[in-house]
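Read-outs throughout are calculated quantities, based only on the coordinates presented, and are distinct from any laboratory measurement. Remember, predicted model here, so these are calculated numbers, not experimental data. All Cβ positions, even for glycine, are placed from backbone atoms using ideal geometry, and neighbour counts span all protein chains on display.
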Amino acid sequence: MDLTEIRNPDFLKDLSVSDLTLLAFDIRKFLIENISRTGGHLASNLGTVELTIAMHVVFDSPKDKLFFDVGHQSYTHKILTGRAKDFQSLRQFHGLSGFQKRRESEHDVWEAGHSSTSLSAALGMAAARDLRGEDYFIVPVIGDGAMGSGESLEALNQIGSEQRNMVIIFNDNNMSISTNVGALTRGFARLRSAAAYNNLKMTMKESLKRSDFGMVMYHGMKNVKDALKDSVIDRGIFGEFNLEYLGPVDGHNIRDLIRVLSVAKTHEGPVVVHVITQKGRGYGPCERDLKGSWHGVGPFDRDTGKPLHETPEGFRTWSAVIADTVTEFAEKDERIVALTPAMLYGSALDTFFAKFPNRSFDCGIAEEHTMTFAAGMAISGLRPFVSIYSSFLQRAYDQINHDVCRMDLPVLIGIDRAGLVGADGETHHGVFDIGILRPLPNLIIAQPCDAQEARNMIATALHQNHPFAIRYPRGEVDVRNIEKAEVIPLSWKEIYVPETIRAAVISYGPDVLKISEKARINDLPVLVVNARFFKPLDLACIRRIAALHVPVFVYETDMKASGLSSAILESCCDEGISMPLKRYGIGDEYIQHGAASLLKKEAGFDLNLLYDDILKTVQ
């Protein structure tokens, strides 16, 4: 079947189960071929092919609200709603998003780049539907570890209380990005043993619902039914939330999926359909992956599974440099512990976890809990290192504020994927953390420009007794000349000082080195300053720059609002410092997905624009 000819999912209702099974095969082949060229979320989408087909057979999108938690599971949904023709642009600049996007299609009713929002959203939709007297199904798919988060459990609590109609599909592959952890995971495993009981229940309901009398009998047998359930299996997690439960069902058997979803449609109140899927289904390298390496991938050779981009010799990821340095210090300091909210391999903490299993804690998709857990450790004499993606950090803001900074606890926060991250787009760009953290008392905030400075910042953080946040970007960094980590002062560093200074540039991170190199090669009369600490600001350096009476350019790759340039302007105002200043950075907008260089150019703050403005000033 030519998938690019699909315009909407209506055609599915006329296909036989055999035809639908062939369609699933075609979709898997299409996904592997296309994602091998563009990159994307491969394993999670290979696991939801049959499930998405069955959903569109049983329900009527867009009238019925079908959405995925997390939205990276929605590629088959995109294909069935007419977007296969656009897959060559997946995650590319001005192309198809890797998540559900309302602007793309009327079939995308919710956007979820982070996990665990679907159940709260579903209840909100159900309440609005009922208040407006409307009639449609609400069908959130929640999986990849999202069910174990705090927000999901809070939503389940109210859903069980309000008893509004919705069909919750629990996509259980025992994985988030890597293998799931926690007591809830063991509870879900027990539910998988309930197949015999639930198949009996579905068969009973299907048989009796064919007549009004049969339905009366079915509802009248509730006490018998519940007693049977209690004698066969534990009532389970969902039963404790007062939710009806169907399953588990094979998530790759289209006939069974259509059957159970059809039964769920007839239920009054909220019902959970427990679907067992295999992440990476149909592609060997994905099926064998337990580390999450195939969760989100770049372009790869689909025959061998090897990535087309290899890390250059002498380079490592920023995440690995940070994690390995913490591991190095932990070998000499038993107080150091490491925590991650389900990003063990993404944050390169696997070496630490292997060396120090008793000092390693994967908290699942629970950023808030992770941060307060770390605070409890710190207040008890340990030195916790929490590695957390910038775009997930905002979920733990309250805990960083009240539980870490307010009590001035020495928690080291590694802010991974800081800055523009490229193809994942708006929900994943790590550009807000400076602004949300900078107002917090007691907190030190820093960003290194290279691997050596990263190591030095770890040493500095571990040799003081305050909260310390180190942000670092996605990507790779040269490690060929790194030396022993040393404690450094909490001050800025002038990294290019020409004989004559006619302008000054203040920046940070890897870009400040690019700016410095450009100035050196072209012999530009420009002072380049590495503003490696956002907090505390180096007021002495600011005064020295102001005393030069030259134009000053502040280049930042994050939000200008509450960022470095805002901090400098505030300090100048408070200290009565006069300094002409031009700012480059992200304005009051969300940035789409695409290569960082293209995003910077479109947003008006790429380095070439800065160079042009410098040349106009100094010539």
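Compared with the alpha-carbon gap, the fully stretched path from residue 163 to residue 19 is longer by 48.2 nm at 0.36 nm per residue. Multiplying the residue separation of residue 616 and residue 539 by 0.36 nm and removing their Cα-Cα distance gives an extension gain of 24.9 nm. Sparse packing (at most 11 other Cβ atoms within 10 Å of the Cβ) combined with a DSSP loop state is found for none of the trypsin sites (Lys or Arg not before Pro) in region 523-613. For the chain, the longest principal axis of the Cα atoms and the long axis of helix 607-618 meet at an angle of about 20 degrees. For the chain, the Kirkwood hydrodynamic radius from C-alpha pairs, put into Stokes-Einstein at 4 °C and a viscosity of 1.567 mPa s, yields a diffusion coefficient of 49 µm² per second. What the phi angles of region 5-22 give under the Karplus curve with 6.51, -1.76 and 1.60, with θ = phi - 60°, is a coupling list of 8, 5, 10, 7, x, 4, 4, 4, 5, 9, 8, 7, 4, 4, 5, 5, 5, 5 Hz, glycine and proline written as x. Here the label points at residue 502 and residue 379, each 7 Å from Cα along the C-beta direction, are separated by 5.8 nm in the simple model.
Would you work out if region 319-478 is rounded, prolate or oblate? Take a ≥ b ≥ c from the square roots of the eigenvalues of the alpha-carbon gyration tensor; rounded if a/c is under 1.5, else prolate when a/b is larger than b/c, oblate otherwise. Rounded, because the longest to shortest axis ratio a/c is under 1.5. Rounded to the nearest 0.05, the FRET efficiency derived from the C-beta distance between residue 575 and residue 358 at R0 = 41 Å is 0.25.
Our summary of shape: the Cα atoms of region 493-618 have principal axis extents of 40, 35, 23 Å, ordered from largest down, in whole angstrom. Taking a point 7 Å out from the Cα of residue 1 in the direction of its Cβ, the residues of region 64-81 whose backbone N falls within less than 20 Å of it are 64, 66-67, 73-81.
When 559, 125, 371 are sorted by how many other C-beta atoms sit within 10 angstrom of their C-beta, beginning with the fewest, the order is 125, 559, 371. Ranked by how many other Cβ atoms sit within 10 Å of their own Cβ, fewest first, the residues 271, 528 fall in the order 271, 528. From the alpha carbon centroid of region 442-481 to that of region 98-158 is 38 Å.
The charge dipole of region 1-147, taken about the Cα centre with unit charges on the Cβ atoms of Lys, Arg (+1) and Asp, Glu (-1), comes to about 440 debye, rounded to the nearest 20.
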